[in-house]
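Heads up, the thing below is written out as structure tokens.
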Amino acid sequence: MSRDNLYDLRFPIGEFQMPTEVSTELKSSWIEMISAFPKKLKVLTKYLSSEDKHLPYRPGGWNIKQVVHHCADSHMNSIIRFKLSLTEDSPTIRPYHEDRWAELSDGTEEDLNDSIDLLTALHSKWTRLLTGLTEHDLQRKYVHPEHGTEVSILEAIGTYAWHCEHHLGHIKLGLENKS
């Protein structure tokens, strides 16, 4: 398999690109993607066998259950980043080792229900927060020390909407590998 093919498997919907202009409609569609994610995830994973949950989305990549548990971890961190940005002036967020978290016992748990239930509640709360933001709120920022960049809340909304679809794409790839 060529490097280009592996790269495509890593990013089944492409990498996130922040547009120069974000319309109200685009922002609303991002919030809707975040809102709809837990339901889409539940539908996609509802009838998975144990064998299915162990399918990787690419050679050397996480398996389906790790992707689901990662989303719970990542999105918990995300809402905290949003709230820090809304209550502090350009806070520096704390990164974490996603790969190490994916190897912890809760990241390799066979049962996906806790992570999906957590995502359902978290995304409901997150969506309420996002729909109540003002234009001023959308411009607030946090500093990501790994990248040395400031990220606006508006950009973070787009990034996490992409993140939802990105990982749904990974699960679909894993299931395609089944055959």
Legend entry - Geometric extent, Cα atoms of region 115-162 - Rg, Dmax (angstrom): 12.4, 33
Inset, instruction - Could you pull out every one of the lysines with an alpha carbon less than 22 Å from that of Lys39, ignoring same-chain neighbours closer than 8 positions? - result: Lys27, Lys53, Lys65, Lys125, Lys172
Legend entry - Interatomic Cα distance distribution for the chain, bins of 5 angstrom, percent: 1, 8, 16, 20, 20, 16, 11, 6, 2, 0, 0
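Just the number: Rg to Rh for region 1-73, Cα atoms, Kirkwood Rh, two decimals. Let's see the in-between values first.
Numbers: Rg = 15.3 Å, Rh = 14.7 Å.
Rg/Rh: 1.04.
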Legend entry - Value of [θ]222 nm, deg cm²/dmol, for the chain, DSSP H segments ≥ 4, -39500 (n - 2.57) each, nearest 500: -19500 deg cm²/dmol
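If I require 24 Å or longer along the helix axis, counting alpha carbons, and a Kyte-Doolittle average no lower than -0.5, what helices from the chain are left? Use full DSSP H segments.
On the way: long enough: 24-45 (32 Å, 0.10); 64-87 (35 Å, 0.12); 113-131 (27 Å, -0.07); 153-176 (34 Å, 0.15).
The answer, listed by residue number, is 24-45, 64-87, 113-131, 153-176.
Scanning the chain for GluC sites (Glu not before Pro) in DSSP loops with at most 15 other Cβ atoms within 10 Å, what's the longest stretch left with none? Spell out each step's value before the answer.
Values: sites that count: Glu15, Glu21, Glu88, Glu103, Glu110, Glu146.
Of all site-free stretches, the longest is 22-87.
Could you put Arg58, Arg10, Arg140, Arg128 in order, starting from the residue whose Cβ has the fewest other Cβ atoms within 10 Å? Mind dumping the intermediate values first?
Values: Arg58 18, Arg10 15, Arg140 23, Arg128 10.
Ordered by Cβ neighbours within 10 Å, fewest first: Arg128, Arg10, Arg58, Arg140.
Can you give the FRET efficiency to the nearest 0.05 for Met76 and Arg100, using r as the Cβ-Cβ distance and R₀ = 25 Å? Please list the in-between numbers first.
Details: r = 16 Å, r/R0 = 0.62.
Rounded to the nearest 0.05, the efficiency is 0.95.
How much length would be gained if the chain were fully extended between Asp111 and Val43, taking 0.36 nm per residue of separation minus their Cα-Cα distance, in nm to one decimal? Present the calculation step by step, with values, prior to reporting the outcome.
Values: separation 68, 0.36 × 68 = 24.48 nm, distance 1.49 nm.
Roughly 23.0 nm would be gained on extension.
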Legend entry - Linear extension gain, Glu135 paired with Asp8, 0.36 nm per residue minus alpha-carbon span: 42.2 nm
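Suppose the chain between Val22 and Lys83 were pulled fully straight at 0.36 nm per residue; how much longer would it get relative to their current alpha carbon spacing? Could the numbers behind the result be given before it?
On the way: separation 61, 0.36 × 61 = 21.96 nm, distance 2.14 nm.
Length difference between fully extended and current span is 19.8 nm.
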Legend entry - Neighbourhood charge, 10 Å Cβ-Cβ cut-off, centred on His70 and excluding it, Lys, Arg +1 and Asp, Glu -1: -2
Inset, instruction - Sort Val68, Val43 so that the residue with the fewest other Cβ atoms within 10 Å of its own Cβ comes first and the one with the most comes last. - result: Val43, Val68
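No lab work stands behind these numbers, since they all come straight from the coordinates. This is a predicted model, so every value here is computed, not measured. FYI the Cβ positions are ideal-geometry reconstructions off the backbone, even for glycines, and counts take in every protein chain you see.
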